[in-house]
1. Within the group 47, 19, which residue is under 13 Å from the mean Cα position of the chain (by Cα), modelled with pLDDT of 85 or more and farther than 16 Å from residue 3 by Cβ?
2. Tell me which residues, restricted to the range 6-32, are loosely packed, with under 10 Cβ neighbours inside 10 Å and in a helix (DSSP H, G or I).
3. Restricting to the range 61-76, give me the number of residues that are in contact (Cβ under 8 Å) with a residue 60 or more places away in the chain, more than 13 Å from the chain's Cα centre (by Cα) and assigned to a strand (DSSP E or B).
4. Here's a check for you: in the range 33-44, which residue that is surrounded by 13 or more Cβ atoms within 10 Å (Cβ to Cβ) and closer than 17 Å to residue 11 by Cα is modelled with the highest pLDDT?
5. Is it true that residue 59 is crowded, with 16+ Cβ neighbours inside 10 Å and not hydroxyl-bearing (Ser, Thr, Tyr)?
6. Sort through 35, 56, 52 and tell me the only one that's more than 25 Å from residue 79 (Cα to Cα), hydrophobic (A, V, I, L, M, F, W, C) and part of a helix (DSSP H, G or I).
Amino acid sequence: MLVEPFAKDRPEENVGPVARMYYSASAGLCTQNALSQGGRYSLGAQAGAAQLLGILKDAGFGNARVAMETPFNLILEARP
């Protein structure tokens, strides 16, 4: 199970007070931390379900899906 801040796949669809708060936090904290760690993936300020599901499938989880969405979180289920 993966719980991530809610975001749509396209940046222009991420509007409203929650999206502004998440983009601000991500730009101020998460993005720099992720870039400093290196690795294959750089998701930007917010990642939607399509990017997250793609990474889970690359990691070997053949059955990955969005299990639930709330105004604040995306909950993804991943199984081998």
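The values are calculated or read from the model by the stated rules, or taken from the named source; none is laboratory data. The structure presented is a predicted model; accordingly, all values stated were derived computationally and were not measured. Heads up, the Cβs are rebuilt from the backbone with ideal geometry, glycines too, and the neighbour counts pull from every protein chain shown.
1. 19
2. If the condition is that a residue be loosely packed, with under 10 Cβ neighbours inside 10 Å and in a helix (DSSP H, G or I), then 12, 17 are the ones that fit.
3. Residues in the range 61-76 being in contact (Cβ under 8 Å) with a residue 60 or more places away in the chain, more than 13 Å from the chain's Cα centre (by Cα) and assigned to a strand (DSSP E or B): 1 in total.
4. Across the range 33-44, the extreme among qualifying residues is 43.
5. Spelling it out, it is not the case that residue 59 is crowded, with 16+ Cβ neighbours inside 10 Å and not hydroxyl-bearing (Ser, Thr, Tyr).
6. None of the others qualify; the one that does is 35.
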